[in-house]
Amino acid sequence: MSDCPACSSFGSAFKVVASFGGDYSIHKCATCRLEYVNPMPSVQLLNDFYSSYEDVRAGTEVLKRNASRNVDRLIPLGLTPQSKLLDYGSGKNIFVSGSGENWFSYDPYTTNNDIGVLRNGYYNMITAWGVLEHVTDPLDFVRQLHVLLKKGGYLVMTTVDIDGVIPYRFKPPEHLTYWTSDAVSRLFKWLIKQFSGIEQ
């Protein structure tokens, strides 16, 4: 049995689909088809890696265009300048830049790392754009974010879809999990089981 980061509560067999010089291998869950790095890197290794991290595919102009599109997508969910929003894993902080006093950002690997913004039950909406694939424990990650939401709030995330067309495959230790729609569904079913009343 393997501890799949998306459906470990169910237990799952796995197969090894790639290996990286003995440092990492990529396991594929037989149940939800999530592909994940094994072993997960240490906190110190990730701190060292992200101290000089730069995504060459995500220049400032690209990030600004993506931020504008993402804001438009959130408006039907009720997003307004008055909404209390947290952008977790904010990187260059472009998503909330210039948005006013109610939108906050947090990223443990940047200067936007004031833990004072991590307020339980405070936010109408939490976004995590392209963050899920970077975390070592997705179950704990979504649990922690849910605690920060007001009742009826929204947790909005994007991640890599391994069933889609992507310009790369495996990138440890940058990307640690590689998601299918089934794996994402199981992740949120687990969260719903932990906390009743979450908006889907």
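Each value in this text was obtained by applying a stated rule to the coordinates, not by laboratory testing. Source: prediction; values computed, not measured. Positions of Cβ are backbone-derived with ideal geometry, glycine not excepted, and every protein chain shown enters the neighbour counts.
Each of C7, N113, M40 was scored by the projection of its Cα onto the charge dipole of the chain, and the greatest displacement toward the positive side belongs to C7; charges sit on the C-beta of Lys, Arg, Asp and Glu. Remark: the range 59-194 carries a charge dipole of roughly 360 debye about the Cα centre, counting +1 on each Lys and Arg Cβ and -1 on each Asp and Glu Cβ.
Comparing V142, L132, L63 along the charge dipole axis of the range 59-194, the residue lying farthest to the positive side is V142, per the Cβ-charge model.
Using just the Cα positions, wrap the range 1-144 in a convex hull and report its mean projected area in square nanometres, one decimal place.
For the Cα atoms of the range 1-144, the hull's average projected area reads 10.5 nm².
Across the cross-link table entries K28/K84; K28/K189; K64/K189; K28/K151; K92/K193; K150/K193, which are compared at the Cα atoms, the separations over 26 Å belong to K28/K84; K64/K189; K28/K151; K92/K193.
Across all Cα atoms of the range 22-96, the radius of gyration (one decimal) and Dmax (whole number) stand at 17.3, 50 Å. Among the chymotrypsin sites (Phe, Trp or Tyr not before Pro) within the range 70-168, those in coil by DSSP and having at most 13 neighbouring Cβ atoms inside 10 Å are Y168. In units of the compact-protein estimate 2.2 N^0.38 Å, the range 59-194 shows a Cα radius of gyration of 1.04.
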